Each structure stands twice: as structure tokens, then as C-alpha cells.
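First up is the structure itself, then whatever we jot down about it.
The values are calculated or read from the model by the stated rules, or taken from the named source; none is laboratory data. Remember, predicted model here, so these are calculated numbers, not experimental data. Positions of Cβ are generated from backbone atoms using ideal geometry, with glycine treated the same way; all protein chains shown enter the neighbour counts.
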Amino acid sequence: MALLLAEELVLLCMDDETGQCELAPREASRGVALALVFELSLRGALTLQNDRLTQQQAGTDDPLLDLAAESARNLTPTAAVDALAAEDLLQATLVRLVSRGALHDADVFSPGVHLPKDPHPETAVRQRLREVLAQGRGADEQEAALVALLHHLEMATAVLPDEDAEVVRARAAEVSSRSGPMRDYQGEDGRPRVAPVHRSKNSDLRMTRSSWWDGLDVLDLVANGVRIFLP
């Protein structure tokens, strides 16, 4: 199963046993938004010109990416992340993972088991990250972008809890600095244009149902015909 960066990121930020997301909703939303911008950059669909994202092609053949590109074009990277996060594309990504069998349900901020017993599609992704961050293998562009996202969210060590945290953290910083999409969104001082977020164990993780109704048009685009039933 080929996954977008946003899908890989969401799955990696979940508890291995239950699938409950270990990021607060706002942080996860911004992480997904940044992942979509990174993906579009890697595919050449968006480029940074005069500090604004310019759309370079009509479509990507992926409805979620096309929606993100349309919303992000002509915006600064920071504004694009804000816009995509506000459009509830995290929910669209979760519903897409449900439709592909990677999740039982999209209510991953509530207690319960949200992951299927087997297979876990992020297992292969985690192994590639282990090779890059703990074993020193060189990273390709896609892997470097994913590492940059995890480093930005301060989740790199949590994804590989059995590895030496200092080694993983240092290697993640090194790989992240080489990520083309992340470099595109850094200012002259070397700091990301999108302000870093932090893990929050004590944050309110309850999702509001209103976002589902507000985003139904988005879900229809990405769920490939899957009907979403709300309790």
C-alpha cells in the first residue's frame, strides 16, 4: 500500500497498540497540512517563488493532493499550512485511511482500539526510519521529508522508542537539514517558517463532531465512495 507523507505521519504518531493519536488535534492538523505541502513540493506540483507557493501542474491524480494544491497556491508557506489545517484535511486523511483498511475508525483522539490487528502498514515505514535514523543509511527525498516532519513535531524519538534517543535525535536533525521541502520553508536565520509545535500529553484530545459536518464535501472527494456514518 503506497501512502502519502501525511498518511505515514498520522500512522506513526499513533500508539502502536491502540491507534490513539499521541498528538493533540491542532498539532496533528498542522502536521498533516505541512506534510501535504511537502508532498506537493516533492512531486513538483508546488514550488516556492518570491516566498509564495506557485502551482506548477494542473493535477496530481490524487484528489486529496489536488484539493491541497488548490488551497495552498499563491500563499506563503505559513499561510498555506494555516489554510490546510483549517480545512480539516486531517479528518480527510483519517477517513481515507479507514477506507483503505489501515484504521478501524477515524475517531483516533478518543479512547479505544482504532488499529486493525494486522497488517500495520506503518511497520515498513518505521523500519525504513530505523535504518536511516539508527543505522545511518542515507535517506531518499521522501524519507528525508518524513524525518523533517517528525523532527519538526519532536516525534522522531517516540517513533523509535527502542533506539538510543540521543542518536536518533541528532541524526533526525542532520537529515532534516538536508530535506529540500524543509529548506524551502526556512528563513535566513535557518528557522522553519512554520513555528514548531510540541507534543502535549495533557492537551484536550476530544474531537468535535461539527468538523465532520463542515468537511463532508472534502470527505466525499477522498473516501472513494465510502459512506461515513456518525453516531
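Before moving on, here are some points about what is shown:
- Test for V113: is it out of contact with any Pro (no Cβ under 9 Å at 6 or more places or on another chain), closer than 16 Å to G31 by Cβ, modelled with pLDDT under 95 and among the aliphatic types (A, V, I, L, M): no
- Neighbours by Cβ (under 6 Å, 6+ apart or cross-chain): first from the range 9-23, closer than 16 Å to A148 by Cα; second among the hydroxyl-bearing types (S, T, Y) and surrounded by fewer than 20 Cβ atoms within 10 Å (Cβ to Cβ): none
For every residue, the table says whether it meets (1) touching a Cys at 6+ places or on another chain (Cβ under 6 Å); (2) under 14 Å from A85 (Cβ atoms); (3) buried (at least 24 other Cβ atoms within 10 Å of the Cβ); (4) modelled with pLDDT under 95.
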| residue | (1), (2), (3), (4) |
| --- | --- |
| A2 | no, no, no, yes |
| L9 | no, yes, yes, no |
| L12 | no, no, no, yes |
| D15 | no, no, no, yes |
| G19 | no, no, no, yes |
| R26 | no, yes, no, yes |
| A35 | no, yes, yes, no |
| E39 | no, no, yes, no |
| L42 | no, no, no, yes |
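- Cross-chain or 6+ apart pairs with Cβ under 7 Å, the range 37-57 first and farther than 15 Å from T76 by Cβ, then assigned to a strand (DSSP E or B): A45/Q55; Q56/L46; Q56/T47
- In the range 144-168, the qualifying residues are those that are touching a residue at least 60 places away in the same chain (Cβ under 8 Å) and not in a loop (DSSP other than H, G, I, E, B), and the one that is nearest to T123 (Cα to Cα) is V159.
Conditions (1) surrounded by fewer than 16 Cβ atoms within 10 Å (Cβ to Cβ); (2) of a type outside the set (S, T, Y); (3) at positive phi, marked per residue:
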{"position": "D51", "(1), (2), (3)": "yes, yes, yes"}
{"position": "T54", "(1), (2), (3)": "yes, no, no"}
{"position": "D62", "(1), (2), (3)": "no, yes, no"}
{"position": "L75", "(1), (2), (3)": "no, yes, no"}
{"position": "E87", "(1), (2), (3)": "no, yes, no"}
{"position": "L103", "(1), (2), (3)": "no, yes, no"}
{"position": "A106", "(1), (2), (3)": "no, yes, no"}
